[in-house]
Amino acid sequence: MVNDSGLAVRPDSVAVEFDDERLVANAGVMLTSTLIKRLGLERLVEETLDLGQRPGAAKPGRKVCSLVHAMALGADSIDDCDLLRAGSTEALLGHRAMAPSTLGTFLRSFSFGHVRQLDRVLGETLRRAWSAGAGPGEERLVIDIDSFVGEVHGYDKQGAGFGYTGERGYHPLLATRAGSGEVLHARLRKGQAGSGRGAHRFVQELIARARRAGASGEILVRADSAFWNKRVLAYLAKQGCRYSIGVTMHKVVAERIAQIPEAAWQSVPDYPDTGICELAETTLGDERLIVRRVHLHAQEAQTELFAYWRHFAFVSNRSEELHTVDREHRQHAEVELVIRDLKDQALAHFPSGRFAANSAWTVIACLAHNLQRWTGMLGLQDPTPRMARTIRRWLLTIPGRLTRTARRWTLHLPARWPWQRQFIEALTRIRALPAA
């Protein structure tokens, strides 16, 4: 360690005192609080969420904002929210930081109906952010739907169970926007719920939300075979949406694939050298059925006695060229990056023993995730989507010192911060957004 004069300092000779009231460990939370202010989140929660006379019902907007701030800084449990009360951090939030015990009481007061009210907040903030410039407008909106298992431990988690992974947990439904990684809709389900359970209602709410938020162009919905459902397909077609949804290898599907002439298979030129990939299409009832078959080379399939084709099929109502539809359907895997992002943040754990509290935690976690995405989308000129961990490292977890001189507050940040330009750019652009 070297001090300002260039002299070396021995770490074991440095005294340690936790006594500076002006220090801010995560000074970049100022970006999040500014964006929250521009979106009018606190007031929106106050107007939308009504817990009645339940414990913790007072000041719901302040409590949701406290949870959002803590999650944006990496909190994955209720106790972690105490970091907002360290040093002068609270002065940068725009509201009083609530104690973890208060936040826990607040979350445990939720019922299913209250979670639905909070879900309306997520939809309205999406509309406001898209109106501020983050939305697709008249351009095509691509939505990916998937489910994942959020692992939990212990026997006191209400609704947790063993799903297809063999691990105890919950089984949320998730809809994300391709390219930006925003969460458009989320629904926590019990751990033993099938992957497609509740998909029809979920898709109805999803499409309506996207239209209300300002998506006026074409909508393309992508999903895997767990969401192959006649009601879902009929609804999407009725709403004028395009879709490509995987199908399971049922007997009727296998029979249709077997009837495809060998001459109809077309090679996929961009497939890796580890094997051969070919495409063909046929019909499944009134649906367009696109099939991809893959054959690995012998050296890559040493466990096989006889090499064979693996078939992957999906139905679509798109009319574009075969290779284009297949290539874009494979990009559905982007949703896994969002799931990884959420699990790297607040959804690393589901902190309460009550199912409704964990449902509310899930919605707030998605809200915090979106705020980080919008910080990059609205604050930075570079449109490259960045993971939450990168946003935190670049812009949020910056040590600072808050001082006041001549009735003017100044936030002092480290000299030679590697991402100083990005921070100033984001702060300037977010401050320029119109208030909701």
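For MET249 and ASP270 in one chain, what is 0.36 nm times their gap in residues minus the Cα-Cα distance, to one decimal in nm? Don't jump to the answer; show the numbers that get you there.
Values: separation 21, 0.36 × 21 = 7.56 nm, distance 2.51 nm.
Here the segment from MET249 to ASP270 would lengthen by 5.1 nm.
Using the Cα gyration tensor of region 183-329, with a ≥ b ≥ c the square roots of its eigenvalues, what is the shape: rounded (a/c below 1.5), prolate (a/b larger than b/c) or oblate (neither)? It would help to have the intermediate numbers written out before the result.
On the way: a/c = 2.03, a/b = 1.71, b/c = 1.19.
Verdict is prolate for region 183-329.
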**Prompt:** Quick one: of the DSSP bridges fully inside region 199-343, what percent are antiparallel, nearest 5?
**Reply:** 85
**Request:** With both partners inside the chain, how many of the DSSP beta bridges are antiparallel, as a percent to the nearest 5?
**Result:** 85
**Prompt:** Amide H to amide H, which residues 5 or more places from GLN345 or on other chains are under 5 Å from it, using H placed in the peptide plane?
**Reply:** none
**Message:** Can you give me the angle between helix 355-379 and the longest principal axis of the chain, using Cα atoms only, in degrees from 0 to 90, rounded to the nearest 10?
**Reply:** 80
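Does region 52-169 come out rounded, prolate or oblate by the C-alpha gyration tensor, with a ≥ b ≥ c the root eigenvalues, rounded set by a/c under 1.5 and, if not, prolate when a/b is larger than b/c and oblate if not? Walk me through the numbers before you get to the answer.
Values: a/c = 1.60, a/b = 1.03, b/c = 1.56.
Oblate, since a/c reaches 1.5 and b/c is not below a/b.
For the chain, what value does the Rg/Rh ratio take when both radii are computed over Cα atoms and Rh is the Kirkwood radius, given to two decimals?
Working: Rg = 24.7 Å, Rh = 24.0 Å.
In the chain, Rg relative to Rh is 1.03.
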**Complete:** Over the chain, the sum of -39500 (n - 2.57) across DSSP H runs of at least four, divided by residue number and rounded to 500 deg cm²/dmol, gives at 222 nm -10500 deg cm²/dmol
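Test of understanding: given the chain, find the longest segment containing no trypsin sites (Lys or Arg not before Pro) that are in a DSSP loop and have at most 14 other Cβ atoms within 10 Å.
The answer is 141-406.
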**Request:** For region 412-420, take each phi angle, set θ = phi - 60°, evaluate the Karplus expression 6.51 cos²θ - 1.76 cosθ + 1.60, and give the result in whole Hz per residue in order, putting x for glycine and proline.
**Result:** 8, 10, x, 5, 6, 5, x, 10, 4
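Once you keep just the Cα pairs under 8 angstrom separated by 6 or more residues, what percentage relative contact order results for the chain? All intermediate terms of the calculation are to be shown ahead of the outcome.
On the way: 755 pairs, mean separation 94.9, N = 436.
RCO, the chain: 22 percent.
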**Message:** Which one, VAL149, TRP130, SER109, projects farthest toward the positive side of the charge dipole computed for region 105-158 from Cβ point charges (K/R +1, D/E -1)?
**Reply:** SER109
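Which whole-number percentage describes the relative contact order of region 95-186, with Cα contacts under 8 Å and a sequence gap of 6 or more?
Over region 95-186, the number comes to 22 percent.
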**Item:** Backbone HN-Hα couplings from phi across region 80-87 [Karplus 6.51/-1.76/1.60, Hz, Gly and Pro as x]
**Value:** 5, 5, 5, 5, 6, 9, 7, x
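For region 130-255, calculate the relative contact order in percent as a whole number, restricting contacts to Cα pairs under 8 Å that are 6 or more residues apart.
Relative contact order of region 130-255: 27 percent.
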**For GLY163, residues with placed amide H under 5 Å, excluding near neighbours** = GLY169
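Tally Lys/Arg at +1 and Asp/Glu at -1 over every other residue whose Cβ is under 11 Å from the Cβ of MET377; what's the total?
Values: positive: ARG177, ARG373, ARG386, ARG429; negative: GLU182, ASP382.
So the surrounding residues net to +2.
Treat every Asp and Glu Cβ in the chain as -1 and every Lys and Arg Cβ as +1, leave all other atoms uncharged, and give the resulting dipole magnitude about the Cα centre to the nearest 20 debye.
On the way: 58 positive and 48 negative charges, 352 e Å.
Dipole of the chain, to the nearest 20 debye: 1700 debye.
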**Prompt:** Looking at the square roots a ≥ b ≥ c of the eigenvalues of the Cα gyration tensor of region 322-436, which shape do they give, rounded for a/c under 1.5, prolate if a/b is larger than b/c, or oblate?
**Reply:** oblate
**Whole-Hz ³J(HN,Hα) from phi, Karplus 6.51 cos²θ - 1.76 cosθ + 1.60, for region 13-30, glycine and proline x** = 9, 8, 6, 10, 9, 9, 9, 9, 6, 9, 6, 10, 6, 10, 5, x, 4, 4
**Request:** Would you mind checking which residues have amide H under 5 Å from LEU141's amide H? H placed 1.01 Å from N; only 5 or more apart, or other chain.
**Result:** GLU218, ILE219, LEU220
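Using the Cα centre as the reference, give the magnitude of the dipole from point charges on the C-beta atoms of region 89-158 (Lys, Arg: +1; Asp, Glu: -1; all else neutral), rounded to the nearest 20 debye. Kindly include the intermediate steps, with their values, before the conclusion.
On the way: 8 positive and 9 negative charges, 71 e Å.
So the magnitude is around 340 debye.
Bear in mind that the values in this text are calculations on the coordinates, not laboratory data. These numbers come from a predicted model, not from an experiment. Glycine gets a Cβ as well: all are built from the backbone with ideal geometry, and neighbour counts include every protein chain shown.
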